[in-house]
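The values are calculated or read from the model by the stated rules, or taken from the named source; none is laboratory data. These figures come from a predicted structure and were not determined experimentally. With ideal geometry, Cβ positions are generated from the backbone for all residues, glycine too; neighbour counts draw on all protein chains shown.
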4 protein chains.
Amino acid sequence: MTAILLVSAPDRPGLVAAVSSWIGAHGGNIVQLEQHVDTSTRTFFLRTEWVLDGFDIAAHDIAARFAADVGDRLEMHTRVYAEGAPLRVAIFVSRQAHCLSDLLSRVEAGELRVEVPVVVSNHRELADVAHRHRINFEHIEVEATTKAAAEARQRRVLEQYGVELIVLARYMQVLSSEFVEDWSERVINIHHSFLPAFPGARPYHQAHSRGVKLVGATSHYVTADLDEGPILAQGVVPVSHRDGVAELVRKGRDVERLVLADAVRAHVERRVIVHDGRTVVFG
Amino acid sequence: MTAILLVSAPDRPGLVAAVSSWIGAHGGNIVQLEQHVDTSTRTFFLRTEWVLDGFDIAAHDIAARFAADVGDRLEMHTRVYAEGAPLRVAIFVSRQAHCLSDLLSRVEAGELRVEVPVVVSNHRELADVAHRHRINFEHIEVEATTKAAAEARQRRVLEQYGVELIVLARYMQVLSSEFVEDWSERVINIHHSFLPAFPGARPYHQAHSRGVKLVGATSHYVTADLDEGPILAQGVVPVSHRDGVAELVRKGRDVERLVLADAVRAHVERRVIVHDGRTVVFG
Amino acid sequence: MTAILLVSAPDRPGLVAAVSSWIGAHGGNIVQLEQHVDTSTRTFFLRTEWVLDGFDIAAHDIAARFAADVGDRLEMHTRVYAEGAPLRVAIFVSRQAHCLSDLLSRVEAGELRVEVPVVVSNHRELADVAHRHRINFEHIEVEATTKAAAEARQRRVLEQYGVELIVLARYMQVLSSEFVEDWSERVINIHHSFLPAFPGARPYHQAHSRGVKLVGATSHYVTADLDEGPILAQGVVPVSHRDGVAELVRKGRDVERLVLADAVRAHVERRVIVHDGRTVVFG
Amino acid sequence: MTAILLVSAPDRPGLVAAVSSWIGAHGGNIVQLEQHVDTSTRTFFLRTEWVLDGFDIAAHDIAARFAADVGDRLEMHTRVYAEGAPLRVAIFVSRQAHCLSDLLSRVEAGELRVEVPVVVSNHRELADVAHRHRINFEHIEVEATTKAAAEARQRRVLEQYGVELIVLARYMQVLSSEFVEDWSERVINIHHSFLPAFPGARPYHQAHSRGVKLVGATSHYVTADLDEGPILAQGVVPVSHRDGVAELVRKGRDVERLVLADAVRAHVERRVIVHDGRTVVFG
């Protein structure tokens, strides 16, 4: 088993040595270390992973001990992950199956180290897809007038299944600000355009009417500002005048799937740090 | 030598046969024909090219004869190109050399069948690049207060050199509506973003601050609406958190060059039809 | 309903007009026509599609009538498709699910106009995937010594289900020359490399050991020469020194799926002509 | 000014800490550190860069001191770069201008931190391109019978101009094994195919005759085994049946330029470690 440490801090000399020496001094064998300095904001970012076998601090004590020994003094903002179990993910969907099917296939193939205990939907169409994969399906209707009640039900479901990450796999409802803040950096959305082009509704229609030569998809953490959250991954595919809206939708689906899977993988592998509305996604 | 016919028309049965039979009846050997129907607007588009050797209508009469025999009856909007000489192109630049150098290298390599008699610039920096390639360089300063006078000078230069197409190769001045209308579908610009994302000034700064994972470039015909003209070509390149604005600029330059060259090639090869603010770019 | 005509012929003047006039003369409304001339072999290729409503020749007579009226005189090799029913496809698999799942998802989403009555496998692992989609699963073991018998069983299954196209979706057995010839241009394979690089077994291992910076996939019609059939589609994905064989496999899977789906779509939409070991794939 | 250290070593615990602590102990401020472990060969790779201002070891002593203090004990193979001057590069060409023009444009634009004192060619055609950029042009004819003498002349030119890196920018002659060994990991070639597909001569003709749907380019260090050297960068561009050999050549040129520039940049920025016939190219 390994531990992962994510750090952001004001840049100053000696940060890499401070981190790596501390790990080494406690018997940790570093298997991966990557750092980055954003020179425009003079901010230092680091991700490192080390083997816990032989490490002389218990997993649940690492965060506190590191903060006390190193982090606080150097004004580091840190996160430590040393859990053994796969991350528990709820997938929210509406009527379109492609992102859901794709994610579940990847989980089955062992590509994504997560467990999906539940699929949540405001429609019933995709119950069958969930059941095929032996996953619980919770139908929670969402209407303008019942939104608060629906969200309360969603929260209960999330708690009941011990969910740690929500993936909006073409879920066509807007979550409330309160919900989004409580789940900050733990809700990943896929938007079917190359943001910031074509935010909002019906981006493929917008793209067609503008006559663009590429369509794309954007996966981002959800924030209270719609389609404005920190971007995790983006992709595009070439299109032409031959492609009507239906073809843009079809071609776009392939990009949506790949981009969403990349974003979820980056999150699950603890390779993401959010800073100043942007992401550092380590390789 | 060949003639090229571009057609747009309300869709109806028999259009391909009408065109190809007329060409055949006059002794033309079709070497290329491509058509497209935009089902959303029920518009028919066609591009065909035929050998003039053996064709029994003189090149300068083709347009009128086709209209009289076929086009008018079928409400076709047509263009005919049967010129033998390379298209005469003026390249407008400001201070950045990369698109200019790239276009001139392609012309020298025989990739683009054009002649470039003149480079026009509101700055002096690139005179040397033009002169290296033995091309005239006209420095026409543009200030807010002298804009009209500057444009008058530009028009004289264009006339003097017999220019048929203007390529704005990172020319950082906005042309007047009158100028743009007079040169409708004959001014090609390269914008350094994936439009409609990041229109206006400093798109790489905007892209960096938004934290996108791809940067791009868009080449379009210039219209009176800034950055809103019909798109000819677009491209993107992946970027990451490692890339500061300077790196986005550098990576973007490679896309700008390729995209602008593609757009100019499509225009020069008479593969473009503009309809309803969008382009049909035949392959 | 529409009819599709594919033509290859020695190039000569008047071919487009000959085809389009014949269709028009019989009341057909052309909705798509694309032609191509391979100048190196002086061969003409054409694909056209027209509406059968109002066409005065019965669907099953089109091929013979066209040959008699036009094709034979102009030495055309033609194929006519005017069937109303979706193409019947058998998917052959071994142990890997990703291409199978992907194809079935696309069929369900209406992306591919085919019917999949049966999945055939030399292993049992993917029976569950087929059954989830309510598709028959035929387990036909293949051993070196029983190959002929196995192939006889496969042929019976294909006949029983009325199969018109076989897709080898990571099927790891080599088909006999006789089988391949009987099913000429009706067996599509996906090879997990950018052919002709890394033919044969374990291409991702080969790619890793060579240290390439891209891995790819190739979909082709199967011929008696292993991995040498006419290429339908290819794709690549960037990789780096960070990617071990397992990561190449994972990244490659995404390309395999897209490339195979593109190839099957091109075949199903009757956009492919094979000539001289290469394909013309109309857009 | 900064120093760069490249390390490859048998993997073992503590390597990152050993390196970063040594740098810190001598007053160095690390601005970049990236490491990689190849798990298949259990080899550790590291690149780090630190500010020399305040560092208490003189630039020319760093390599020896690091070896004595850290490297030798941990069986590290290291390289240290702390030069202030741009790398001196000779560009070898034959008749094609595109890679040469591209590299020189990038140098002028400040994209590549190198100096190009000389262009060497076995033909005279590109003298003009060199002279435009005020670079010396050495014409050294190469015939089968005079190869040894030509190489002797080349070596004198390289010495005379103080060359540290040779870039073969579509240079169509094979260098001798002796030459290649003397310049090991300091000769970069661009091959106009996606190696290992289409090695040897006329790859675009091979690609056309095979009917591939992508053409590419590969940049690699030159070794005694033709087209087998460690790969630095690769790229591809989609092509279709429409593209004859001439179009493949044209489309391929754009990839060649980008790929060669990427490879040269990686070398110049000291981001490359060769190990076991493959490269680690840090980001």
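For segment A:246-257, check the following and say yes or no: at least one residue is touching a residue at least 12 places away in the same chain (Cβ under 8 Å), closer than 24 Å to C:ARG242 by Cα and buried (at least 24 other Cβ atoms within 10 Å of the Cβ).
Step one: list which residues in segment A:246-257 are touching a residue at least 12 places away in the same chain (Cβ under 8 Å), which gives A:248-249, A:251-257.
Going one step further and asking which of them are closer than 24 Å to C:ARG242 by Cα, we end up with A:255, A:257.
Going one step further and asking which of them are buried (at least 24 other Cβ atoms within 10 Å of the Cβ), we end up with A:257.
Checking segment A:246-257: at least one residue is touching a residue at least 12 places away in the same chain (Cβ under 8 Å), closer than 24 Å to C:ARG242 by Cα and buried (at least 24 other Cβ atoms within 10 Å of the Cβ).
Within segment D:207-248, track down each residue that is more than 8 Å from chain C (Cβ to nearest Cβ), within 22 Å of C:GLY211 (Cα to Cα) and either touching a Lys or Arg at 6+ places or on another chain (Cβ under 6 Å) or in a loop (DSSP other than H, G, I, E, B) (or both).
D:VAL222, D:THR223, D:ALA224, D:ASP225, D:LEU226, D:ASP227, D:GLU228, D:GLY229, D:VAL237
Which numbered condition trips up B:SER193, out of (1) crowded, with 22+ Cβ neighbours inside 10 Å; (2) touching a Lys or Arg at 6+ places or on another chain (Cβ under 7 Å); (3) facing another protein chain (nearest Cβ under 10 Å)?
Among (1) crowded, with 22+ Cβ neighbours inside 10 Å; (2) touching a Lys or Arg at 6+ places or on another chain (Cβ under 7 Å); (3) facing another protein chain (nearest Cβ under 10 Å), B:SER193 violates only (2).
Name every residue in segment C:45-62 that is free of Cβ contacts under 8 Å to residues at least 40 places away in the same chain and in contact with a Ser or Thr (Cβ under 7 Å, 6 or more places away or on another chain), in order of residue number. Lay out the reasoning, then the answer.
Step one: list which residues in segment C:45-62 are free of Cβ contacts under 8 Å to residues at least 40 places away in the same chain, which gives C:54, C:56-58, C:60-61.
Result: no residue meets the conditions.
Could you go through segment C:250-258 and let me know if any residue there is modelled with pLDDT of 95 or more, within 26 Å of C:TYR81 (Cα to Cα), of a type outside the set (Lys, Arg) and in a helix (DSSP H, G or I). Write out each step before concluding.
Residues of segment C:250-258 that are modelled with pLDDT of 95 or more, as a first pass: C:250-258.
Still in the running and within 26 Å of C:TYR81 (Cα to Cα): C:258.
Of the ones still in play, those that are also of a type outside the set (Lys, Arg) are C:258.
Next cut, in a helix (DSSP H, G or I) only: C:258.
The answer is yes; a qualifying residue exists.
Mind counting the residues in segment A:1-44 that are free of Cβ contacts under 8 Å to residues at least 12 places away in the same chain and either β-branched (Val, Ile, Thr) or assigned by TED's automatic domain parsing to the domain that holds A:ARG270 (or both)?
Final tally of qualifying residues: 1.
Just give me the residues in segment D:107-140 being within 16 Å of D:GLN154 (Cβ to Cβ), within 14 Å of chain B (Cβ to nearest Cβ) and charged (D, E, K, R), in sequence order.
Once the filter is applied, which keeps residues that are within 16 Å of D:GLN154 (Cβ to Cβ), within 14 Å of chain B (Cβ to nearest Cβ) and charged (D, E, K, R), segment D:107-140 yields nothing.
If we keep just the residues of segment D:173-190 that are among the aliphatic types (A, V, I, L, M) and part of a loop (DSSP other than H, G, I, E, B), which is surrounded by the most Cβ atoms within 10 Å (Cβ to Cβ)? Don't jump to the end; show me each part of the working.
Step one: list which residues in segment D:173-190 are among the aliphatic types (A, V, I, L, M), which gives D:174-175, D:180, D:187-188, D:190.
Going one step further and asking which of them are part of a loop (DSSP other than H, G, I, E, B), we end up with D:174-175.
Details: D:VAL174: 13, D:LEU175: 23.
Among those that are among the aliphatic types (A, V, I, L, M) and part of a loop (DSSP other than H, G, I, E, B), it is D:LEU175.
For A:VAL119, state whether it is in the same structural domain as A:LEU168 (by TED's automatic domain parsing) and under 22 Å from the mean Cα position of the chain (by Cα). Walk me through how you get there before you give the answer.
On the way: in the same structural domain as A:LEU168 (by TED's automatic domain parsing): yes; under 22 Å from the mean Cα position of the chain (by Cα): yes.
Yes.
Which one of these is in a strand (DSSP E or B), among the aromatic types (Phe, Trp, Tyr), surrounded by 17 or more Cβ atoms within 10 Å (Cβ to Cβ) and within 13 Å of chain B (Cβ to nearest Cβ): C:PHE45, C:PHE55? Walk me through how you get there before you give the answer.
Numbers: C:PHE55 fails: in a strand (DSSP E or B).
Of C:PHE45, C:PHE55, the one residue that is in a strand (DSSP E or B), among the aromatic types (Phe, Trp, Tyr), surrounded by 17 or more Cβ atoms within 10 Å (Cβ to Cβ) and within 13 Å of chain B (Cβ to nearest Cβ) is C:PHE45.
Regarding B:ASP276, is this residue within 21 Å of A:HIS241 (Cβ to Cβ), modelled with pLDDT under 95 and surrounded by fewer than 17 Cβ atoms within 10 Å (Cβ to Cβ)? I'd like the intermediate steps shown before the answer.
On the way: within 21 Å of A:HIS241 (Cβ to Cβ): yes; modelled with pLDDT under 95: yes; surrounded by fewer than 17 Cβ atoms within 10 Å (Cβ to Cβ): yes.
So B:ASP276 fits the description; yes.
Exactly one condition in (1) out of contact with any Lys or Arg (no Cβ under 7 Å at 6 or more places or on another chain); (2) within 13 Å of chain B (Cβ to nearest Cβ) is false for C:ALA3; which is it?
(2)
Criterion first (touching a Ser or Thr at 6+ places or on another chain (Cβ under 9 Å), surrounded by fewer than 19 Cβ atoms within 10 Å (Cβ to Cβ) and not in a strand (DSSP E or B)) does C:ALA17 satisfy it? Talk me through it step by step, then tell me what you get.
Numbers: touching a Ser or Thr at 6+ places or on another chain (Cβ under 9 Å): yes; surrounded by fewer than 19 Cβ atoms within 10 Å (Cβ to Cβ): no; not in a strand (DSSP E or B): yes.
Considered against the rule, which asks whether it is touching a Ser or Thr at 6+ places or on another chain (Cβ under 9 Å), surrounded by fewer than 19 Cβ atoms within 10 Å (Cβ to Cβ) and not in a strand (DSSP E or B), C:ALA17 comes out as no.
Any chance you could count how many residues in segment D:196-206 are more than 7 Å from chain C (Cβ to nearest Cβ) and among the small types (Gly, Ala, Ser)?
Number of matching residues: 2.
In segment A:141-172, how many residues are crowded, with 16+ Cβ neighbours inside 10 Å and closer than 24 Å to C:GLU108 by Cβ?
5
Do you know which residues across segment B:138-148 are modelled with pLDDT of 95 or more and of a type outside the set (Val, Ile, Thr)?
B:GLU138, B:HIS139, B:GLU141
Could you please let me know if B:SER101 is buried (at least 20 other Cβ atoms within 10 Å of the Cβ), of a type in the set (Ser, Thr, Tyr) and under 30 Å from A:HIS205 (Cα atoms)?
Numbers: buried (at least 20 other Cβ atoms within 10 Å of the Cβ): yes; of a type in the set (Ser, Thr, Tyr): yes; under 30 Å from A:HIS205 (Cα atoms): no.
No, not satisfied.
Report, by residue number, each residue of segment C:256-277 that is within 10 Å of chain A (Cβ to nearest Cβ) and either within 15 Å of C:ALA97 (Cα to Cα) or of a type in the set (Lys, Arg) (or both). Steps first, answer last, please.
Just the residues of segment C:256-277 that are within 10 Å of chain A (Cβ to nearest Cβ), to begin with: C:257-258, C:261-262, C:265.
Residues satisfying the conditions are C:ARG257, C:LEU258, C:ALA261, C:ARG265.
If you go through segment D:75-93, how many residues are buried (at least 16 other Cβ atoms within 10 Å of the Cβ) and not hydroxyl-bearing (Ser, Thr, Tyr)?
The initial filter retains those residues of segment D:75-93 that are buried (at least 16 other Cβ atoms within 10 Å of the Cβ), namely D:76, D:78, D:80-82, D:87-93.
Going one step further and asking which of them are not hydroxyl-bearing (Ser, Thr, Tyr), we end up with D:76, D:80, D:82, D:87-93.
Number satisfying all stated conditions: 10.
Which number in (1) closer than 27 Å to B:VAL272 by Cα; (2) in contact with a strand residue (DSSP E or B) (Cβ under 9 Å, 6 or more places away or on another chain) marks the one condition that A:ILE190 misses?
(1)
If the Cβ limit is 8 Å and pairs must be 6+ apart or interchain, which residue in segment A:206-222 that is within 17 Å of A:LEU175 (Cβ to Cβ) and among the hydrophobic types (A, V, I, L, M, F, W, C) pairs with which residue that is in a strand (DSSP E or B) and modelled with pLDDT of 95 or more?
Qualifying pairs under 8 Å: A:VAL222/A:LEU168; A:VAL222/A:VAL187; A:VAL222/A:ILE188; A:VAL222/A:ASN189.
Evaluate segment C:96-108: report whether one residue or more is of a type in the set (A, V, I, L, M, F, W, C), without any contact (Cβ under 8 Å) to a residue 40 or more places away in the chain and assigned by TED's automatic domain parsing to the domain that holds C:SER8.
Taking every residue of segment C:96-108 in turn, none turns out to be of a type in the set (A, V, I, L, M, F, W, C), without any contact (Cβ under 8 Å) to a residue 40 or more places away in the chain and assigned by TED's automatic domain parsing to the domain that holds C:SER8.
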